[in-house]
Amino acid sequence: MPRYFFHVYNGTALFDEEGTELSGLDEAGRVARETTGEIIRDGGIKPWQVFDCHMEVTDAAGQVMLKLYFFYKDLSGETP
């Protein structure tokens, strides 16, 4: 099984040093979406406070296979 690494960028870089063995890129995409949602839900990243907030999914060779951008935009004018 291929190993994928999920690196998060939110003004700083949070590198996944271990990676996860998954069946393929479709499963890696699903894990990236779920993980991003969990990070935002748990308050680990406040994407409305940084300009470039994204996750890169790389293969074992370090090649970027997927990139997932996430942000929150409050249109009310109030600070979240």
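Considering segment 1-43 alone, what residues qualify as being aliphatic (A, V, I, L, M) and in contact (Cβ under 8 Å) with a residue 24 or more places away in the chain?
Within segment 1-43, the subset aliphatic (A, V, I, L, M) is 1, 8, 13-14, 22, 25, 28, 31-32, 39-40.
If the condition is that a residue be aliphatic (A, V, I, L, M) and in contact (Cβ under 8 Å) with a residue 24 or more places away in the chain, then 8, 25, 28, 31, 32, 39, 40 are the ones that fit.
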*Among the residues of segment 21-34, how many are in contact with a strand residue (DSSP E or B) (Cβ under 8 Å, 6 or more places away or on another chain) and under 21 Å from residue 70 (Cα atoms)?*
6
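Quickly run through segment 2-50 and pick out the residues that are in a loop (DSSP other than H, G, I, E, B) and modelled with pLDDT of 95 or more. Quick ask: steps written out before the conclusion?
First, pick out the residues of segment 2-50 that are in a loop (DSSP other than H, G, I, E, B): 2, 11-12, 15-19, 22-24, 42-46, 50.
Within segment 2-50, 2, 15, 16, 17, 18, 19, 22, 23, 24 qualify.
Hey, can you tell me all the residues within segment 1-35 that are touching a helix residue (DSSP H, G or I) at 6+ places or on another chain (Cβ under 9 Å) and buried (at least 16 other Cβ atoms within 10 Å of the Cβ)?
Here is the first cut: in segment 1-35, the residues touching a helix residue (DSSP H, G or I) at 6+ places or on another chain (Cβ under 9 Å) are 2, 4, 6, 8, 10-11, 20, 22.
Matches in segment 1-35: 4, 6, 8, 10, 20, 22.
The values are calculated or read from the model by the stated rules, or taken from the named source; none is laboratory data. Since we're looking at a predicted model, the values are computed, not measured. Counting neighbours? That spans all protein chains shown, and the Cβs are built from the backbone with ideal geometry, glycine included.
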